[in-house]
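Below is one structure, written out as structure tokens; comments come after it.
The values are calculated or read from the model by the stated rules, or taken from the named source; none is laboratory data. Predicted model, so just to flag it, every value in this text is computed and none were measured. All Cβ positions, glycine included, derive from the backbone under ideal geometry; neighbour counts span all protein chains shown. These accessible areas exclude ligands, DNA and RNA; they are computed on the full protein's heavy atoms, side chains included. Shrake-Rupley method; radii C 1.70, N 1.55, O 1.52, S 1.80 Å.
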Amino acid sequence: MSESKVRTRYAPSPTGHFHIGGARTALFNYLFAKHHDGTFIVRIEDTDTKRNVQGGIDSQLDNLMWLHIPPDESIRNPGNTPPYIQSADLQRYQTLALDLVKQNKAYYCFCTKEDLQKQREYALTHGLTPKYNRVCLRLTPEEISQKIKHNTPAAIRLKMPDNSVIKWHDLIRGDMAIPTSALTDPVILKSDGMPMYNFAVVVDDFNMKITHVLRGEEHLSNTPYQIAIKKALGFDTQPIQYGHLSVINDETGKKLSKRNLLLKQFIDDYKNDGYVPEALINFLALLGWSMPNGKEVLSIHEMIRHFDIDRIAKAPAFFDQRKLLWLSNQYIKTMSKDIYLTWIKEYVDDSLNVLQDKLDQVLLLFKDQISYAREINNLIIKNFLSTQINKETLTTAINVVDRNTFIKCIKALKEVLSLYTEITLSNADNIVLDVKSKTDLDKKALYFPLRFVAIAKEHGPQMNMLFYVVGKIQLLKNIDMTLSLLNAK
């Protein structure tokens, strides 16, 4: 490791909301920086103005805070290397690009989109690699002056070195080498004065003294261009080490795609559903990285302490939704009752307010079962608020316990309930015991009819909780409806 202080960056474009892949990239840069007592920076790359979306910047920064991986420097908390948003530095990009033209390291390109398309079609027709044919590099100074005089739109292209090989050591993939014959002269400044991605990134990384860049493998093809631009600008005196993370595959083995609508892919989705942020961070860390001892439930402090770039895999990571659910459940289980109740009540639907003072007990009943907060709503509705006693459900029920036993049990329950003013958690068990004493039924023959008249289901929560939540009045209504359907009043 270099003696200079580690400075990593996560540099999203606000062209969409915070994606799961971007979150993994941000996390790995955060962990690497913190492991080396370094600085984690967030820089907004907003020069693709046509694709920027409203709220894109806030989505990135707000969700980083929610995930507990806050930047040390950003547009919200700037440090000593501003600006932290590219659109605030356009003049610098333009000045540097023009300087390269003056040094004959770059040149004006007046080709139109139609010209470039014809060049591409010609190359493909003749079995050549599509790349810029340098027609504008061969223009004379007089021809260039005339075009500029007539305001002909002009981009600026970097002149790539001929007959050369660009080499670098990738932190994850090892030694890499790309011959410049396989590359084209990249546009570094568009005709509208906006910098191209590769050019702006190099300028910003140098300005911010970035030492390490961890990013997705789709950026591998950008690396030789960035190295060439860095050398042309004289910025190679400040070395950067690159590491390219593997792709993330979905359950079908294909690269994670926004077209896969069955998989939540934006952090906002997980946040709104009530996933535990610590669990989500834990899950993201395991997408391509692992602990030597195989431990999977990890605090952020453990991740920072043990994060080793040598343990980042080259093979694609698998987005295992079941593992995420399991991890989140583990975190929920460890919550204290008070923390759990405070947390989960933010996600409880208003319709569940009918439970009133019984709500806390019901929420705690499912504490060890849920994997995310909003899951509680369906569980409560399914187990307590969707009772359907009708001929169909009753027919199914008396196939499990015979009709006479069924009637005997619920009539006994009705008699026992008449002895109690209300059902409480403390007396609910006694009610069940009293029914058992009256009927002398075995466990199955006793519990099934009792659970049916409470929630019209064969399986569910413990009987005392069922009786307590449903309450005496509703239980009596359910009993009368059941007896009426059985013609057994």
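Over all distinct alpha-carbon pairs, what is the Kirkwood Rh of the range 395-489 in angstrom?
So the Kirkwood estimate lands at 13.0 Å.
log₁₀ I(q)/I(0) of the range 330-428 at q = 0.14, 0.15 Å⁻¹, via Debye over equal Cα point scatterers, no solvent, to two decimals?
-0.75, -0.82
Quick check on my link table: of K436/K472; K382/K414; K367/K472; K50/K147, which ones sit more than 20 Å apart, alpha carbon to alpha carbon?
Beyond 20 Å between Cα atoms: K382/K414; K367/K472; K50/K147.
If I take all pairs of Cα atoms in the range 85-215, what percentage of them are more than 18 Å from each other? Before the final figure, lay out the partial values.
Details: 5377 of 8515 pairs.
For the range 85-215, the share of Cα pairs beyond 18 Å comes to 63 percent.
Return the whole-Å distance between the Cα centroid of the range 185-264 and the Cα centroid of the range 329-344.
Between the Cα centres of the range 185-264 and the range 329-344 lies a distance of 40 Å.
So what is the 222 nm mean residue ellipticity for the chain from helices alone, if each DSSP H run of at least 4 adds -39500 (n - 2.57) and you divide by all residues, rounding to the nearest 500 deg cm²/dmol?
After summing the helix terms and dividing by residue count, I get -13000 deg cm²/dmol.
With the crude spin-label approximation of a point 7 Å out along Cα→Cβ, what separation in nm comes out for Q91 versus N390?
7.3
Given labels modelled 7 Å from the Cα in the Cβ direction, how far is it in nm from R138 to D192?
3.1
Relative contact order of the chain, please, whole-number percent, based on alpha carbon pairs below 8 angstrom and at least 6 residues apart.
Over the chain, the number comes to 12 percent.
Report the relative contact order of the range 147-279, percent, no decimals, based on alpha-carbon pairs under 8 angstrom and at least 6 residues apart.
Relative contact order for the range 147-279 comes out at 22 percent.
Averaged per residue, what accessible surface does the range 402-489 expose to a 1.4 Å probe, in Å²?
Values: 4400 Å² over 88 residues.
Using a 1.4 Å probe on heavy atoms only, each residue of the range 402-489 averages 50 Å².
Please report, in debye to the nearest 20, how large the charge dipole of the range 300-435 is about its Cα centre when each Lys and Arg carries +1 at its beta carbon and each Asp and Glu carries -1 there.
Details: 17 positive and 18 negative charges, 85 e Å.
Here the range 300-435 has a charge dipole of around 400 debye.
Give the shape of the range 7-59 as rounded, prolate or oblate, defined through the alpha-carbon gyration tensor: a ≥ b ≥ c are the square roots of its eigenvalues, a/c under 1.5 means rounded, and otherwise the shape is prolate if a/b is larger than b/c and oblate if not.
The shape class here is prolate.
Take every DSSP beta bridge whose two residues both sit in the chain, then give the antiparallel share in percent to the nearest 5.
Counting only bridges with both partners in the chain, antiparallel ones make up about 55 percent.
With labels modelled as points extended 7 Å from the Cα through the Cβ direction, what inter-label distance (nm, one decimal) is found for D115 paired with T237?
Going by the 7 Å Cα→Cβ label model, 3.6 nm.
For N77 and Q54, what does the FRET efficiency come to when R0 = 22 Å and r is the distance between their Cβ atoms, rounded to the nearest 0.05?
Details: r = 22 Å, r/R0 = 1.02.
Plugging the Cβ-Cβ distance into 1/(1 + (r/R0)^6) gives 0.45.
Which whole DSSP H helices in the chain pass both tests: a Cα extent of 30 Å or more along the axis and a mean Kyte-Doolittle value no lower than -0.5?
None clear 30 Å together with a mean of -0.5.
Write down the Kirkwood hydrodynamic radius of the range 246-367, to one decimal in angstroms, obtained as one divided by the mean of 1/r over all alpha carbon pairs.
Numbers: mean 1/r = 0.0606 Å⁻¹.
About 16.5 Å for the range 246-367.
Mind checking the dipole of the chain: about its Cα centre, +1 per Lys or Arg Cβ, -1 per Asp or Glu Cβ, Debye to the nearest 20?
780
With the cut-off at 25 Å, tell me which of the pairs K105/K131; K118/K167; K118/K190; K149/K190 have Cα atoms farther apart than that. Could you put the intermediate results ahead of the total?
On the way: K105/K131 18 Å; K118/K167 32 Å; K118/K190 19 Å; K149/K190 18 Å.
Those over the limit are K118/K167.
Going from the alpha-carbon gyration tensor of the chain, what semi-axes, largest first and in whole Å, does one get by taking the root of 5 times each eigenvalue?
Its equivalent ellipsoid spans semi-axes of 66, 23, 20 Å.
Rounded to two decimals, what ratio of Rg to Rh does the range 85-147 give with C-alpha atoms and a Kirkwood Rh?
Ratio of gyration radius to Kirkwood radius for the range 85-147: 1.08.
Suppose a student asked you for the relative contact order of the range 279-394, using Cα pairs under 8 Å spaced at least 6 residues apart; what percent would you report? Let's see the in-between values first.
Values: 78 pairs, mean separation 28.6, N = 116.
Normalised by residue count, the contact order of the range 279-394 is 25 percent.
Tell me the Kirkwood hydrodynamic radius of the range 198-279 in angstroms, computed as one over the mean inverse distance between distinct C-alpha pairs.
Radius from the Kirkwood sum: 15.4 Å.
Give me the count of lysine pairs in the range 233-362 whose alpha carbons sit under 17 angstrom apart, restricted to pairs 8 or more positions apart or on different chains.
Eligible lysine pairs with Cα atoms under 17 Å apart amount to 12.
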